[in-house]
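Notes to accompany the following structure.
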Amino acid sequence: MNEKVLITISREYGSYGREIGRRLAKRLNIAYYDKEILENAAEQLGVSKTFFSDDNLNESGLFSLSGRMNYGLKNLTELSLSTNAYDTARQIIRDLVAKESMVLVGRCANVILKDEPGIISVYCYGDLEDRVRRVIEEYGVPKAHARKVVLDTDRKRAKFYEYYTHRKWGDIDDFDVSINTSKRTPEEAVNLLAEVFCEKQKHLSKA
């Protein structure tokens, strides 16, 4: 009997997805994974932990080899390195979920784990103006650039996701739960997802 519950959280930038994931994992006393997955992938691929970050996605949604992020990797293409990163992260995720229940933020986990019986796929989104305000207040993004940062980050995430999953980013059909964080607080979202988690556990225990 397999009672592991795997909560994947996909999110628009500034929609509290990461915060909701952290709080939920703490509430449920289960593992939480976010940037640790790509940091592990970076270690396996022999590049800096900061290489695989949203800041280093180019306009095509690939990890960039140009500028300050160029760590002597000119012998690789951005596509090959991004593909290596995705494939490595995918294997790391599969290895992790074999062990325990967890919350996973981003990393295309909702598609990678779509056939797992214990998956709960979540999509967090919000009104643009609310998300712009959040990145200014909570992430310290300058007001003059905040809207562009939000839109650019969403676009780059979407391109990466769509290239490797062949799915449209944010498609409601790919998720079990969609949460508008302009209408729900993080605490309300956590309460909702904790209930869904418990119901999933009950269902798995009866299977």
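How much net charge surrounds residue 97 when only other residues with a Cβ under 15 Å from its Cβ are counted (Lys, Arg +1; Asp, Glu -1)?
0
Averaging over every viewing direction, what projected area does the convex hull of the Cα atoms of region 103-207 cover, in nm²? Walk me through the numbers before you get to the answer.
Details: hull surface 29.5 nm².
Taking a quarter of the hull surface, the average projection is 7.4 nm².
Pairs 26/148; 114/206; 26/202; 99/200: which exceed 27 Å Cα-Cα?
26/148
Computed from the coordinates by the stated procedures, all read-outs in this text should not be read as laboratory data. Everything numeric in this text was worked out from a predicted model, so none of it was measured. Glycine gets a Cβ as well: all are built from the backbone with ideal geometry, and neighbour counts include every protein chain shown.
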